[in-house]
Amino acid sequence: MTALDKSTRRVATAVALVAGGALTLSACGAGQISQTATQVAAVNGNTAEVGPLALRNVHVVFPNSEEYSLEPGGDAVLAFSAINDSENTPEKLTGITTDFAGSVSIAGEAGTADIAPQTSLGAGTSTEDASGQAEADAQNAGNADAPSDLVLVVLEDLKEGVRPGLTIPVTFSFANAGDVTVSVPIDAGHHLERNVSDKSPVEAEGGH
């Protein structure tokens, strides 16, 4: 046998071993549900800037009580954090509008919300809704001791098209900074139900 024949056989053997290993690995994974298959992508809030105002984590909160619903005619909470980065000019949120709701109430009314210089205004049912922490936003704006308020902003009488994972345009109006329109994502919730049928893959017991 020539040296060339021996070399060719060694290469063929190596290829066969690699192919066999790949088949073994794929067999170990067959029938199992991967970790990523059970994960639900988070919906992050959008951001926007207008003048010295910065909007952070703007999103529609997934309904967590019977009081709220994303169905047409329902009400949903709008969450965000508005930071007034001005050194000395107070700001006022004069209104919020969207074509996807009949009206928008601020703190239970069609009123306004003041934002003092170097402070932030949080909206939602909790500081987690607003941005994680409204205080952290104020700290990022340059004042760690700035007070933060939390108001309830509700999109009332929702129209068709408000669904988890989609976005809707929402316009914020400020007394000094003016208007800014944000593409607001609708939260998909923390967990989605996983439907299992006889067609679903079976998770192997004691897999590799």
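If you plug each phi of region 57-73 into the Karplus form 6.51 cos²θ - 1.76 cosθ + 1.60 with θ = phi - 60°, what whole-Hz ³J(HN,Hα) values come out, in order, with x for Gly and Pro?
6, 7, 7, 8, 6, 5, x, 10, 7, 5, 5, 10, 7, 8, 6, x, x
Enumerate the amide H contacts of A188 below 5 Å, restricted to partners 5 or more residues apart or on another chain; note that Pro and chain-start residues carry no placed amide H.
Those qualifying (amide H under 5 Å, at least 5 residues apart or on another chain) are V43, G165.
Check which residues have an amide H placed less than 5 Å from S86's amide H, if you skip close sequence neighbours.
Correct list: Q118.
Using R₀ = 30 Å, calculate the FRET efficiency as 1/(1 + (r/R₀)^6) where r is the Cβ-Cβ separation of A107 and E87; round to 0.05.
Working: r = 27 Å, r/R0 = 0.89.
Here the calculated transfer efficiency is 0.65.
List residues of region 43-71, by number, whose backbone nitrogen lies under 18 Å from a label position 7 Å along Cα→C-beta of S183.
It comes to 43-50, 55-60, nothing else.
Throughout, read-outs are computed from the coordinates displayed, never taken from laboratory work. No experiment lies behind these values; they were computed from the predicted model shown. All Cβ positions, even for glycine, are placed from backbone atoms using ideal geometry, and neighbour counts span all protein chains on display.
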